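Remarks on the structure that follows.
The values are calculated or read from the model by the stated rules, or taken from the named source; none is laboratory data. No experiment lies behind these values; they were computed from the predicted model shown. Positions of Cβ are generated from backbone atoms using ideal geometry, with glycine treated the same way; all protein chains shown enter the neighbour counts.
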Amino acid sequence: MMKKQLNFTLIILLLSCSFSIHAQKENLIGFWEIENVEVGEENMTPVAKWTKINADGTYQSGNGWLQNSKGTWNYDNENNKYSATDSLDIFDEFGGFIVSFDQKKMFWEREEEGMQVKVTLGPIHELPMATSDYLEGMWQLVDMSEKGQSILEDFENAQEHKLFIRWDRMYMKFSPEGKKLTGYWHINGHKPEITLLPHQADENVESWRVEVNKKELIMTGISDSNKMIERKYIRKNTF
């Protein structure tokens with residue numbers, strides 16, 4: 001009788017363990033936004049980073065509306081580790097992340113070059129918008145200031161200045177005189193900062209800190225050539 005009870009208890013424990021592992025793996029599946037990344041004592045959270053972990057063993061990841069990775073994922077039951085592999089990306093030498101859950105949040109942890117890395121993920125239902133997604137479009141200058149003082153009146157027809165930021169990382173600046181300047185734009189993946197790289201040799205490369213939403217864009221100069229200058233734009237839907 002005692003032997004039967006022990007066998008029954010062992011079976012229950014094995015089933016419970018198997019169910020727990022299966023549940024842990026099932027909890028991974030879903031659409032997640034990376035809410036916070038801590039590397040040692042530094043915050044290294046990327047802008048609008050997301051990953052979609054699919055039940056068929058595949059995944060996709062990106063920033064905002066841009067998908068920049070896809071591949072397969074694996075869950076190591078014995079070590080409770082999640083790892084993802086993109087055949088077109090650099091091999092991840094640090095290995096997988098130890099996974100844990102707290103209510104609706106998921107946590108990934110591992111060590112990288114002697115520093116503890118902790119990633120916090122939260123469930124989402126649609127792609128988050130990154131700074132770059134809001135930037136795209138036509139913007140009309142409505143105010144410009146230097147050291148907190150408006151200098152818009154110093155420029156004739158300054159309100160006719162427009163900035164067209166295209167999805168293909170090209171931009172166009174239209175002056176009141178009808179002159180068109182072009183170049184490339186680059187967005188920082190961790191900070192709301194844009195750098196304009198002009199095609200014209202006599203134009204300066206400039207970086208700006210940006211605040212942007214669906215209707216308004218504020219650019220604050222952070223390069224030597226534009227420091228203390230702030231430009232305010234509103235979105236237009238025509239040229």
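For the reader, a short list of remarks on this structure follows.
- Annotation for the stretch 107-114: at least one member residue is crowded, with 17+ Cβ neighbours inside 10 Å, within 24 Å of Lys191 (Cβ to Cβ) and modelled with pLDDT of 95 or more.
- Neighbours by Cβ (under 8 Å, 6+ apart or cross-chain): first from the stretch 113-125, closer than 19 Å to Asn54 by Cβ; second basic (Lys, Arg): Leu121/Lys105; Gly122/Lys104; Gly122/Lys105; Pro123/Lys104
- Positions within the stretch 76-107 being in contact with a strand residue (DSSP E or B) (Cβ under 6 Å, 6 or more places away or on another chain), farther than 16 Å from Val119 by Cβ and part of a strand (DSSP E or B), in sequence order: Thr85
- If you go through the stretch 57-78 and keep only what is without any contact (Cβ under 8 Å) to a residue 12 or more places away in the chain and charged (D, E, K, R), you end up with just Glu78.
- Pair list, Cβ < 8 Å and 6+ apart or interchain, from the stretch 42-56 residues that are closer than 17 Å to Lys105 by Cβ to residues that are charged (D, E, K, R): Thr45/Glu35; Lys49/Glu33; Trp50/Glu33
- In the stretch 130-147, the residues that are at negative phi form Cβ pairs under 7 Å with partners that are in a loop (DSSP other than H, G, I, E, B) and among the aliphatic types (A, V, I, L, M), at six or more places apart or across chains, as follows: Ala130/Val47; Ala130/Ala48; Thr131/Val47; Met144/Ile151; Ser145/Ile151; Glu146/Met228.
- Residue list for the stretch 65-89, restricted to those being among the aliphatic types (A, V, I, L, M) and either in contact with a Pro (Cβ under 7 Å, 6 or more places away or on another chain) or closer than 22 Å to Ile187 by Cα (or both): Leu66
- Looking at Lys49, Lys25, just one residue is under 21 Å from Asp86 (Cα atoms), at pLDDT 95 or above, basic (Lys, Arg) and not assigned by TED's automatic domain parsing to the domain that holds Glu136, and that residue is Lys49.
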